[in-house]
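Worksheet for the structure shown next.
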């Protein structure tokens, strides 16, 4: 019988996790919380905290967000812990939060600090991966996913199907977001459905319908 050694993790993701999401999420959470716990013992000004949040804390889940859709509750928990770290005064977590996290995620020109909204960052990464899947038709990962989930159609028509993996469900969410928010650049027009696709700036899908 052939044997296989568990290769462990790659950029924080387990090489295999089966159907358990907790193993993936717990590692990310522990890594972030351990970092912030170590920093609380140091006297950091707001500029130092800003750099650590942007360069370290919000970078830890970045690779995972490229392949899986993180639960909303998980994102909120991480953001709440990050907000407590940001507003903490001399190591005291129970400090006044003078602005909501939503306001802090705005760009600096709009009164925020440019921190990332994890949910928005997550879906943006997944939409990018869906676009890669559409364009990189001869790559190994595209061939594998196509053979398993959509052998007889394109990614646009692909459905979730039975017993779909967490990764596949996440990619479909990225595809659907891309479909809603993306807009076609007109070339020959042969691949565009004028009634269903976004191709006119400022006009969404189904704005105009053919006469019946």
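Only the coordinates and a few stated rules stand behind these numbers; no lab work does. As the structure is a prediction and not an experimental result, all values here were calculated from the model. Because the Cβ atoms are built from the backbone with ideal geometry, glycine has one as well, and the counts that use them run over all protein chains shown.
Here are some notes:
- Shown for 172, 118: other C-beta atoms within 10 Å of each C-beta, ranked fewest to most, produce the order 172, 118.
- Cα convex hull of the range 21-106, projected area averaged across orientations, nm²: 5.8 nm²
- Alpha carbon Rg of the range 121-181, scaled by the compact-globule rule 2.2 N^0.38 Å: 1.02
- Sorted largest first, the spans of the alpha carbon positions of the range 59-165 along the three principal axes are 58, 32, 20 Å.
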